[in-house]
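A.B. asks: Submitted below is the structure of interest, expressed as C-alpha cells.
The values are calculated or read from the model by the stated rules, or taken from the named source; none is laboratory data. Because the structure is predicted, anything quoted here is derived from the model rather than measured. All Cβ positions, glycine included, derive from the backbone under ideal geometry; neighbour counts span all protein chains shown.
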Amino acid sequence: MERIDTTAQTGFFDVVAGTDRSQAATMTLEPGQSTGGPSNRHAESDQWLFVVEGSGEATIDGDTHDLQAGTLVLIEPGEPHEITATGDQPLVTINVYAPPEY
C-alpha cells in the first residue's frame, strides 16, 4: 500500500507514484495554459484524467469536451489530445497511465 499527498505537489507535472503496471501523476495548468496538441499521444498507455478543481477543455481526437471538478476522462492509446485551462483558477488534475508512460 502506498499513500500519496497530492496537495504537496507544486509543479506543472509531477509523477507521484508508479508500479510496473501503472503510474499516477498530478498536473496543474494555470488559466489559459494548455498542454499537448495534435501530435501528443501515448502509443501504449490509457490515460485517465480526473479533474480535482478548476475548469477547462479536453480536445481528444478532434472533439472538444468540457472539464470541471469531478470529471473523469479516458484518453485511449493513440488518441491525439490537448488539455486547456479555460477558467480563472488553475486546472488541477490527477492522471493515471496504464501501463506507465513516463
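A.B. asks: Would you tally the residues in region 57-102 being part of a strand (DSSP E or B), free of Cβ contacts under 8 Å to residues at least 60 places away in the same chain and either over 20 Å from Thr6 (Cα atoms) or among the aliphatic types (A, V, I, L, M) (or both)?
C.D. replies: 18
A.B. asks: Considering every residue within region 71-88, establish whether at least one is at positive phi and in contact with a strand residue (DSSP E or B) (Cβ under 7 Å, 6 or more places away or on another chain).
C.D. replies: no
A.B. asks: Another question about this same structure. Are there any pairs, at least 6 apart or on different chains, whose C-beta atoms fall under 7 Å, with the first in region 30-43 and over 15 Å from Thr59 (Cβ atoms) and the second surrounded by fewer than 11 Cβ atoms within 10 Å (Cβ to Cβ), and if so, which?
C.D. replies: If the second residue must be surrounded by fewer than 11 Cβ atoms within 10 Å (Cβ to Cβ), the pairs left are Pro31/Asp88.
A.B. asks: Suppose we keep only residues that are among the polar types (S, T, N, Q) and surrounded by fewer than 17 Cβ atoms within 10 Å (Cβ to Cβ) within region 44-85. Which one would you say is nearest to Tyr102 (Cα to Cα)?
C.D. replies: So, considering only residues that are among the polar types (S, T, N, Q) and surrounded by fewer than 17 Cβ atoms within 10 Å (Cβ to Cβ), the one nearest to Tyr102 (Cα to Cα) is Thr71.
A.B. asks: I would also like to ask the following. Suppose the filter is surrounded by fewer than 17 Cβ atoms within 10 Å (Cβ to Cβ), within 21 Å of Ala8 (Cα to Cα) and modelled with pLDDT of 95 or more; does Gln23 pass it?
C.D. replies: no
A.B. asks: Right, next: Test Val52 against the criterion of being in contact with a Ser or Thr (Cβ under 7 Å, 6 or more places away or on another chain), in a strand (DSSP E or B) and of a type outside the set (Ser, Thr, Tyr), and give yes or no.
C.D. replies: yes
A.B. asks: Let me ask something additional. Hey, can you tell me all the residues within region 26-44 that are touching a strand residue (DSSP E or B) at 6+ places or on another chain (Cβ under 9 Å), over 14 Å from Leu91 (Cβ atoms) and of a type in the set (A, V, I, L, M)?
C.D. replies: Selection gives nothing.
A.B. asks: Which number in (1) polar (S, T, N, Q); (2) modelled with pLDDT of 95 or more; (3) surrounded by 14 or more Cβ atoms within 10 Å (Cβ to Cβ) marks the one condition that Gln9 misses?
C.D. replies: Gln9 satisfies every listed condition except (2).
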